[in-house]
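Since every read-out is calculated from the coordinates, none of them should be taken as a lab result. Here the structure is a predicted model, which means the values were calculated and not measured. Here the Cβ positions follow ideal geometry from the backbone for every residue, glycine too, while neighbour counts run over all protein chains shown.
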Amino acid sequence: MNTFRILLVLMAMPIGVLAWHTDLNAAPSAKGPVIEVVDTLNLGEIFIDDLSDEHGKIRISIKNKGAKPLILKNVGGCCGTNVKSWPKAPILPGKEGVVRVEFRIEPRPQRISRTITIESNADNGKIKKVLITGVVLERKKSNEIVL
């Protein structure tokens with residue numbers, strides 16, 4: 001009888017371990033709020049002669065892919081980046097909000113690199129960073145060779 005119990009326990013152990021291991025690798029549950037936002041917003045190449053004030057005005061879309069309201073606690077920018085507005089009311093499940101950002105782009109050749117930090121109650125990350133990149137170029141002349 002003791003041998004039977006030992007065999008039963010030994011056969012049940014792998015099943016328990018397999019069930020526990022499956023739970024660890026399961027996809028994150030959407031029981032709470034889940035934030036979806038781009039990691040990098042690439043502005044591409046902007047030529048100095050095409051540069052306008054509109055190039056420094058960005059809209060970042062934030063979606064709630066979870067089952068509970070998403071609350072943005074704080075949205076901030078770095079290095080001269082001004083966050084004009086962001087949703088103060090909770091973003092309901094399946095809905096989206098917009099963060100409006102403005103920054104000045106100097107009319108000279110340069111790389112654009114800005115970061116927006118979003119703090120929220122999201123289950124998939126309390127802090128999300130959005131990188132804004134791009135490059136400002138001088139248009140080359142028709143008889144100019146670039147090495």
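Some notes on this structure:
- Nearby lysines by direct alpha-carbon distance to LYS128 (threshold 22 angstrom, same-chain neighbours under 8 apart not counted): LYS31, LYS57, LYS63, LYS65, LYS68, LYS73, LYS84, LYS88, LYS95
- Relative contact order for the stretch 35-137, counting Cα pairs under 8 Å that sit 6 or more residues apart, in percent: 37
- The dipole here belongs to the stretch 35-137: it is taken about the Cα centre, uses +1 on the Cβ of Lys and Arg and -1 on the Cβ of Asp and Glu, and is about 540 debye.
- Taking label positions 7 Å along the Cα-Cβ direction at both LYS84 and THR117, the computed distance is 2.4 nm, reported to one decimal.
- Counting beta carbons within 10 Å around each of VAL135, VAL34 and listing the fewest first gives the order VAL135, VAL34.
- Computed E for SER61/VAL135 - FRET, C-beta separation, R0 22 angstrom, nearest 0.05: 0.40
- Kirkwood radius, the stretch 35-137, all distinct C-alpha pairs, inverse of mean reciprocal distance: 14.3 Å.
- Cβ crowding within 10 Å, taken as a proxy for footprinting-reagent exposure, orders SER142, SER120, SER61 from fewest neighbours to most as SER142, SER61, SER120.
- Here PHE103, PHE47 are placed in order of increasing Cβ neighbour count within 10 Å, fewest first, which gives PHE47, PHE103.
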